[in-house]
Amino acid sequence: MDTVGLLNYAIFMGVLIGIYALLTLGLNVQWGYAGLFNAGVAGFFAVGAYLSALLTAPPAPDRIMGWQLPTAVGWLGAMVAAAAIAWPIGKVTLRFRSDYLAIATIGIAEVIRLVLRTEDTLSGGVRGITQVPRPFGDLPYEWSQLIYLALTWALVLLVFWGLERQLTAPWGRMMRAIRENETAAAAMGKHVAARRLEAFVLGSAIMGLAGAVYVHFMRAITPEAIDPMMVTFLVWIMLILGGSGNNRGALLGTLLIWVIWSASELLTDRLPAEVATQAKYVRVFVIGLLLQLVLRWRPEGILPEPAGR
Amino acid sequence: MTFPRTLIAALVAAGVAGSGSAAFAQEAKVALLGGITGPIAGMAPAMLASMKLALDQVNQAGGTSFGKIIYQEFDDGCNPQVATDAMTKAVNVFGAAATVGPACSGALLAAVNSVSIPAGVLVVSSSATSPKITELADKDLVFRTVPSDDFQGRALARTLLARGVKQVAVAYVNNDYGKGLAEAFKAEFEASGGMITQFRGHEDKKASYRSDLAELAKGGADTLVIFDYGNASGLTILRQAIENGFFKQYVGADGMRDENLIKTLGEANLKDFLVSAPVGEEGVAFQQFSEMARKAGVDPNATFAATSYDAAFLIALAMEAAKGDKSKLPQALRAVATAPGEPILPGEWEKAKKLLAEGKEIDYKGAAGDHEFDKAGDVPGSYALFKVEGGTYKEVAKMK
């Protein structure tokens, strides 16, 4: 175990944490700001990932598109597509209150996943899309990883900065007012439905961006990547643990959960060989346990939402 | 966006150092990536046990000429995110020169594209069957000991036609494995004059497939071809088909060749059940592997057990042949796996090591086939048709 190897591993973790940070920030807009229980994160992630892949990958005979456009176009396209899908969904489902919205969004995410699995001409079906380019991907391994880390975190910080500004702006205060007391906000003349839709679409667009950043990092996408366990639920745990309503909390939660998830395998590997294999299940358990503990002892998360801004 | 200067400096150093140190300094490290958690968790124990069996044998017989092989298991979760994470740890933290796995095609595609190919690490998968892996721009670093679905599907189609089966219904599990096989089968079967009355995919983990079966039976075919796993939905579909007498004859591919399936359904009910599975061209190789596996408490007929053993054993041979030079591993792998050369059977490590030391060529004849890698690192695979007899699967005919 040498330093260079550890650094490479740290860079890799940094990129994945960045991708998950985008997802948590997106979810924070929906849940933290607006109180919308979106349990279909994976769906918007998938839309972004697949569209960016289709825009930038080389064409394949049995699939549409493959336009080989620059990655930046793919990223923008992913945000637009995720927003475009979120808009009609939000239009219909945002009239539901929290738990009904959760059920509706789970259903929609499953529909998206099954469509991507079965529609070969759209998505390559179960075999997915490969040969997705990565910006500066031809450089040696370390450099390519490092540059992608920089790109990812530039995006994360840009989104973070933008959301922080948005939160302290009147829009953010209005969102919290609506979340806390919908009737009062409506009585003050706020257009509750339209504001909620804005938050839903904005959050979904950020999730779409996360999908796009993911697909260019992995250079391939298959339907297994949009497993709700790895996308939706892990992201929820990150946000709840870190502190919903607080963007810094969202980033902290992402960092903690991913490090626990990934690095705990290094610890369990130190165990004797007979139990090391079974111990790999421990990390799944630890994440669940952590969530239980946080919900019991600190339901507002590690960094709670600051009162009054 | 600023990075600590030390990080950048260290990376520059890494680049410089990395270009100079291609040898894996007296250490032969192999990472075993298996789907320990996730959808194929049921198959993982036998696969990993077979890999470990191969490497333990090598170590017991003295290890490589530059030391014993050190191996470690990683969990690829059969999922791209988990697999890339595992691969990054395997390559960078553990320092693997080669890996067996990832086990699933989707996981493998993501992990090799983003980690192992750029890092120059040899990957031999024993269970990823997607034809997409053939198309990878892999710098000759990705191999597999399991044939692409394409070969087996076509071979099975030809065999059935030759046995006089002209009309079949096809049921496949909707993932890369089932679909790949089913499409290859369909293309060959129809091109050679057969008729497919129904062609349906199904999702796994359903409690009942009776409605699927009712649809499948509609075309009037007597034979149902099932591309699925015999320890999962394939078992359910076969049981329900037999219970309700939807078809007269059932045919499966290698995923259906599961010993537990015989125990669960009973031999008497499986008289008209045929499966195709890869076999070594010399049946001896599989026999030898079976004996060793049984002794070690591993079921040799478990899905992908034989291919997993071969993948690990081939990596060990390649390491020996490359004399510890990581950059020469792919070439060495081709050299030890393909003709010409003295045939080496599973477990014959001492013989192989001696021949290599003498500078002679060797040709590994594995438990799951001869492993004559083609340009893309794929194996054509040789197959046989099996029927159920005496509580196990018995070869009926070779498939062409």
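Scanning chain A for DSSP H helices at least 18 Å long along the axis (C-alpha atoms) with a Kyte-Doolittle mean no lower than 1.0 picks out A:3-27, A:41-56, A:71-93, A:98-118, A:192-218, A:247-268, A:282-297. In this simple spin-label approximation, residue B:200 and residue A:96 carry label points 7 Å from Cα along the Cα→Cβ vector, and these lie 3.0 nm apart.
Run the numbers for residue A:194 and residue A:6: contour at 0.36 nm per residue of separation, minus the present Cα-Cα distance, in nm.
Stretched out fully, the residue A:194 to residue A:6 stretch lengthens by 62.9 nm.
Taking amide H as placed 1.01 Å from N in the peptide plane, residue B:274 has its amide H under 5 Å from the amide H of B:250, B:251, B:252, each at least 5 places away in sequence or on another chain. Tell me the carbon and sulfur percent of the accessible area for chain A, rounded to whole percent, probe radius 1.4 Å. Percent of accessible area from carbon and sulfur atoms in chain A: 70. Solvent exposure of the stretch A:3-226, expressed per residue, is 38 Å² of accessible area, with all protein chains present and a 1.4 angstrom probe. Considering helices alone, the calculated mean residue ellipticity of the protein assembly as shown at 222 nm is -17000 deg cm²/dmol, with DSSP H runs of length four and up weighted by -39500 (n - 2.57) and normalised per residue.
Evaluating 6.51 cos²θ - 1.76 cosθ + 1.60 at θ = phi - 60° for every residue in the stretch B:61-66, the Karplus couplings come out as 8, x, x, 7, 6, 10 Hz, glycine and proline recorded as x. Spin-label pair residue A:143-residue B:60: with each label point 7 Å from Cα along the Cα-Cβ axis, the two points sit 4.8 nm from one another. Counting only Cα atoms, chain B measures 69, 56, 38 Å along its principal axes, largest extent leading.
With Cβ to Cβ distances under 15 Å as the rule, what net charge do the other residues near residue B:324 carry (K, R +1; D, E -1)? Net charge around residue B:324: +3. Once both labels are positioned 7 Å from their Cα atoms along Cα-to-Cβ, the gap between residue B:387 and residue B:70 label points is 5.3 nm.
The distance linking the stretch B:244-298 with the stretch A:106-129 is 33 Å (Cα centroid to Cα centroid, whole angstrom). DSSP beta bridges fully contained in the stretch B:281-399 are about 75 percent antiparallel. For chain B, the relative contact order comes to 17 percent (Cα pairs under 8 Å, sequence separation of at least 6). For the protein assembly as shown, the antiparallel share of DSSP beta bridges with both residues in that region comes to about 30%. Taking all protein chains together and a 1.4 Å probe, the residues B:308, B:211 rank B:211, B:308 from largest to smallest accessible area. Looking at the stretch B:150-271, the DSSP beta bridges with both ends there are about 0 percent antiparallel. In this structure the amide hydrogen of residue B:201, modeled in the peptide plane, comes within under 5 Å of the amide hydrogens of B:172, none closer than 5 places in sequence on its chain. Along the axis of the charge dipole computed for the stretch B:150-271 (Cβ charges of +1 for Lys and Arg, -1 for Asp and Glu, origin at the Cα centre), the listed residues B:245, B:180, B:226 are led at the positive end by B:245.
Across A:71, B:88, A:121, the residue with the most accessible area heads the list, and the full order at a 1.4 Å probe is A:121, A:71, B:88.
Buried area at the B:A interface is about 4400 square angstrom, summed over both chains, from accessible surfaces computed with a 1.4 angstrom probe.
I'd like the distance between the alpha-carbon centres of the stretch B:164-190 and the stretch B:205-239, rounded to an integer number of Å. Centre-to-centre distance over Cα atoms comes out at 13 Å.
Other residues lying with their Cβ under 9 Å from the Cβ of residue A:130 contribute a combined charge of +2, Lys and Arg counting +1, Asp and Glu -1. Relative contact order for the stretch A:3-226: 41 percent, from Cα pairs under 8 Å spaced at least 6 residues apart, divided by residue count. A 1.4 Å probe run over the stretch B:150-271, with the rest of the protein chains in place, finds 39 Å² accessible per residue.
In order along the stretch B:158-168, phi translates into HN-Hα couplings of 5, 5, 4, 4, 5, 8, x, 8, 9, 10, 9 Hz, rounded to whole numbers, per the Karplus curve 6.51 cos²θ - 1.76 cosθ + 1.60 with θ = phi - 60° and x for Gly and Pro.
Only protein atoms count toward the accessible area here, which uses a 1.4 Å probe; on chain B, the carbon and sulfur part of that area reaches 52 percent.
Are any of the pairs B:29/B:375; A:280/B:323; B:326/B:375; B:205/B:387; B:323/B:360; B:351/B:398 more than 23 Å apart by Cα-Cα distance, and if so, which? Correct reply: B:29/B:375; A:280/B:323; B:205/B:387; B:351/B:398. Using the Karplus relation 6.51 cos²θ - 1.76 cosθ + 1.60 with θ = phi - 60°, the per-residue 3J(HN,Hα) values for the stretch B:299-307 come to 6, x, 8, 4, 4, 6, 5, 5, 5 Hz, with x marking Gly and Pro. What does a probe at residue A:307 reach in the stretch A:243-259, counting residues whose amide N is under 19 Å from the point 7 Å along Cα→Cβ? Taking a point 7 Å out along Cα→Cβ of residue A:307, the residues of the stretch A:243-259 whose backbone N falls under 19 Å are A:243-247, A:249. Computed over neighbours whose Cβ is under 14 Å from that of residue B:358, the net charge equals +1, Lys and Arg +1, Asp and Glu -1. Fully extending the segment from residue A:184 to residue A:164, taken as 0.36 nm per residue of separation minus the present Cα-Cα distance, adds 4.7 nm.
Computed from the C-beta positions of residue B:260 and residue B:192 and an R0 of 25 Å, the FRET efficiency is 0.15 to the nearest 0.05.
The calculated FRET efficiency for residue A:121 paired with residue A:171, based on their beta-carbon distance and R0 = 45 Å, is about 0.65.
Working from Cα pairs under 8 Å separated by at least six residues, relative contact order for the stretch B:203-335 is 17 percent. Here the extension length gained between residue A:136 and residue A:72 equals 21.8 nm, from 0.36 nm per residue of separation less the Cα-Cα distance. Between the stretch A:200-264 and the stretch B:304-331, the alpha-carbon centres lie 37 Å apart. Over chain A, with a Gaussian network built from C-alpha contacts below 10 Å, which listed residue (A:293, A:23, A:267) shows the highest mean-square fluctuation? So, out of A:293, A:23, A:267, the one fluctuating most is A:267.
The values are calculated or read from the model by the stated rules, or taken from the named source; none is laboratory data. Because the structure is predicted, anything quoted here is derived from the model rather than measured. Positions of Cβ are generated from backbone atoms using ideal geometry, with glycine treated the same way; all protein chains shown enter the neighbour counts. Accessible surface areas use protein heavy atoms only, side chains included; no ligands, DNA or RNA. Shrake-Rupley method; radii C 1.70, N 1.55, O 1.52, S 1.80 Å.
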